[in-house]
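Enquirer: This is the structure I have questions about; it appears just below.
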Amino acid sequence: MSYWPHLVAAVVGAGLTVQVGMNAAVRDAIGSPVMAAIVNFVVGLGALALVAVASGARWAPGSTAAIPAWAWFGGLLGATYVGANIVLGPRLGAVTLIALTIAGQMLAALAVDHYGIIGFPQSPVTPSRLLGAALLVAGVLLIMRR
């Protein structure tokens, strides 16, 4: 079994924590959480454009018509996530912010997997998954106690 996907996921998760601090520094420098989020997305768009060009990625004509209407809201959720982290990170602290974010992701993931919606394979909620989620929520509560 290859553990590369697990390692990459952990590294990306660590990057999200660091990103919160970086975006807060941008907000402090320019004075606006909304403009800091825009800077974040402009830099990200530039980086993705370079990767697309370097990898020879192509946009298939007419492919956007095949995108389900609900899928377009992914960008809105991404913007909400970045904007909320810019505002909440300095108020909550990195550990509390990330713990709450992960708890929210875990609870949503249980529902998404259980019902097999939005492109995920169906994987029913089991007692062990519920216990794991409960332990995660308990961990969040312990983290928030300071």
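Enquirer: I'd like to check one number: the per residue accessible area of the chain, probe 1.4 Å, reported in Å² as a whole number. Write out the running numbers ahead of the final one.
Expert: Values: 10330 Å² over 146 residues.
Accessible surface, normalised per residue, equals 71 Å².
Enquirer: OK, next. Measuring from centroid to centroid over Cα atoms, what is the spacing of segment 93-146 and segment 19-64 in Å?
Expert: When both Cα centres are located, 27 Å separates them.
Enquirer: Convert each backbone phi in segment 69-85 into a coupling constant with the Karplus relation 6.51 cos²θ - 1.76 cosθ + 1.60 (shift: θ = phi - 60°), then list the ³J(HN,Hα) values in order as whole Hz, x for Gly and Pro.
Expert: 4, 5, 5, 5, 6, x, x, 5, 5, x, 5, 5, 4, 5, x, 5, 5
Enquirer: Using only the alpha carbons of the chain, what is the convex hull's orientation-averaged projected area in square nanometres?
Expert: Numbers: hull surface 46.9 nm².
For the chain, the mean projected area of the Cα convex hull comes to 11.7 nm².
The values are calculated or read from the model by the stated rules, or taken from the named source; none is laboratory data. Since this is a predicted model, take the numbers as computed values, not measurements. These area figures cover heavy atoms from the full protein model, side chains too; ligands, DNA and RNA do not enter into them. Shrake-Rupley method; radii C 1.70, N 1.55, O 1.52, S 1.80 Å.
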